[in-house]
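A short worksheet on the structure shown next.
Each reported figure results from applying straightforward, stated rules to the coordinates on display, with no laboratory input. Just so you know, these numbers come straight off a predicted model, no measurement behind them.
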Amino acid sequence: MTLRTIAASLLTITELPYAYDALEPYISAETMHFHHDKHYAGYVTKLGELTEGTRYRGMPLEEVITCSDGAIFNNASQAWNHVFYFESLSPRAKHHPTGELRRAIDEQFGSVDELKRRMTAMATTLFGSGWVWLATDSDGKLYILSKPNAGTPLTDGLIPLLCIDVWEHAYYIDYRNARKDAVEKLWHVVDWSVIEARYDNVVI
């Protein structure tokens, strides 16, 4: 899967698709400034340094992720993951999935609430830093995955649909060590229209 913004140059810092304060009161402008301008931008800058003069410079970011390891993988995946995360959120979010995605969720998990419960529990109990993902295979089967550090479903041959960032920089300013509270509030700004479009791109 190649997203329009994520497939850009390895050296491109993608701007937020909304204002820094647009997700308040669930995510503060201060958090978004640090998350985007410091942490995400730092991964992009470091990736540029690491890939200078290497074969990775001409590759799409997704390809770098699937064929690298070590520091290059960590920074490439973190850069990709963050843009994917930011683009999953919206101040005008659609709060409930519909269509093919809703049918798949109901069939595999029983309900959207059960999907949220499972992802929230997984995000709350993930030891250390990392990501929790909703992903699909090419047949439309859904998976919930917990990935430490810079982990991504791309390395499993799966197609990411939605992610929860459980690195402390994603929530600590607003929620301190109350990770569960941060994840529960995040659902208020997850834009299911974006997630649906990603799924429909696979199954339709």
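General observations
- Length released on extending from I173 to H33, taking residue separation times 0.36 nm less the Cα-Cα span: 49.3 nm
- Pairs of lysines in the chain (C-alpha under 19 Å apart; 8 or more residues apart or interchain): 8
- For the range 114-157, a/c is not less than 1.5, where a ≥ b ≥ c are the root eigenvalues of the C-alpha gyration tensor, and a/b does not top b/c. That puts it in the oblate class.
- Karplus-derived 3J(HN,Hα), 6.51/-1.76/1.60, for each residue of the range 133-150, Hz, glycine and proline x: 10, 9, 9, 9, 9, 5, 8, x, 6, 9, 9, 10, 10, 9, 10, x, 6, 9
- Cα gyration tensor, the chain - rounded (a/c under 1.5), prolate or oblate: oblate
- Where only alpha carbons of the range 99-203 are counted, the Rg and the Dmax (Å): 13.5, 40
- Entry note, the chain: the mean residue ellipticity at 222 nm calculated from DSSP H runs of n ≥ 4, each adding -39500 (n - 2.57), is -13000 deg cm²/dmol after division by the residues and rounding to the nearest 500.
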